[in-house]
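S.K.: Below is the structure I would like to discuss, written out as structure tokens.
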Amino acid sequence: MVEIRWSPKAADDYDSIIKYYEKTAPKFAQTLAKKIIYIIENLNQFPKMGRIVPELEIEEIREIIYRNFRIIYRLKEEILEIARIIHGSRLLRI
């Protein structure tokens, strides 16, 4: 098992996404928030569950796609850092 940490950017991404959807679709926002957290918690036991990010092709940087969102994370020995949570249409900047 690995320790999961959130980067400040990922925390901001998560908050911004949920706040955006709370304005127009509160039930969807609630479901999305829970599902993203559920996916991230599962990474604790299965850290290599995500695919290698195609733009970077670095083994330690992976992603899980949920709906239109990319949950991007880094593996560092016993630490898994959530790097970004972005909409799939946005350019990746880690």
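S.K.: Can you give me the P(r) profile for the chain? Cα pairs, bins 10 angstrom wide beginning at 0, each as a whole percent.
M.R.: Result returned by the calculation: 17, 52, 27, 5, 0.
S.K.: Here is a follow-up. Determine the alpha carbon to alpha carbon distance for each of LYS9/LYS48; LYS23/LYS48; LYS23/LYS76; LYS34/LYS76; LYS27/LYS76 and list only those over 28 Å.
M.R.: The answer is LYS23/LYS48; LYS23/LYS76; LYS27/LYS76.
S.K.: Taking the chain as the reference, fit the longest principal axis to its C-alpha atoms, fit the long axis of helix 8-24 to the helix C-alpha atoms, and give the angle between the two in degrees, 0 to 90, nearest 10.
M.R.: 30 degrees
S.K.: Please find, in a Gaussian network model of the chain (springs between Cα atoms separated by less than 10 Å), the residue of GLU63, GLU81, GLU22 whose mean-square fluctuation is greatest.
M.R.: GLU22
S.K.: Pick out, from ILE58, ILE86, LEU43, the residue whose Cα sits farthest towards the positive end of the charge dipole of the chain, with +1 on the Cβ of Lys and Arg and -1 on the Cβ of Asp and Glu.
M.R.: It is ILE86, whose Cα lies furthest towards the positive end.
S.K.: Looking at the chain, identify the longest residue range that excludes and avoids all trypsin sites (Lys or Arg not before Pro) in DSSP loops having at most 14 other Cβ atoms within 10 Å.
M.R.: 1-47
S.K.: Using a simple charge model, +1 on the beta-carbon of Lys and Arg, -1 on the beta-carbon of Asp and Glu, nothing else, what dipole does the chain show about its Cα centre, in debye to the nearest 20?
M.R.: Working: 17 positive and 14 negative charges, 101 e Å.
Approximately 480 debye in magnitude.
S.K.: As a check on your grasp of the helix formula, calculate [θ] at 222 nm for the chain: sum -39500 (n - 2.57) over DSSP H runs of n ≥ 4, divide by the residue count, round to the nearest 500.
M.R.: So the calculated ellipticity at 222 nm is -12000 deg cm²/dmol.
S.K.: Please determine, in degrees from 0 to 90 and to the nearest 10, the orientation of helix 26-42 with respect to the longest principal axis defined by the Cα atoms of the chain, where the helix direction is its Cα long axis.
M.R.: It works out to around 10 degrees.
S.K.: Tell me the relative contact order for the chain as a rounded percent, counting alpha carbon contacts under 8 Å between residues six or more apart.
M.R.: 32 percent
S.K.: Between VAL2 and LYS35, what FRET efficiency follows from the Cβ-Cβ distance if R0 is 25 Å, with the result rounded to 0.05?
M.R.: 0.80
We did not get these values from a lab; they are worked out from the coordinates using the rules stated. Because the structure is a prediction, the values reported are computed rather than measured. In this analysis, Cβ positions are derived from the backbone assuming ideal geometry, glycine residues included, and neighbour counts consider all displayed protein chains.
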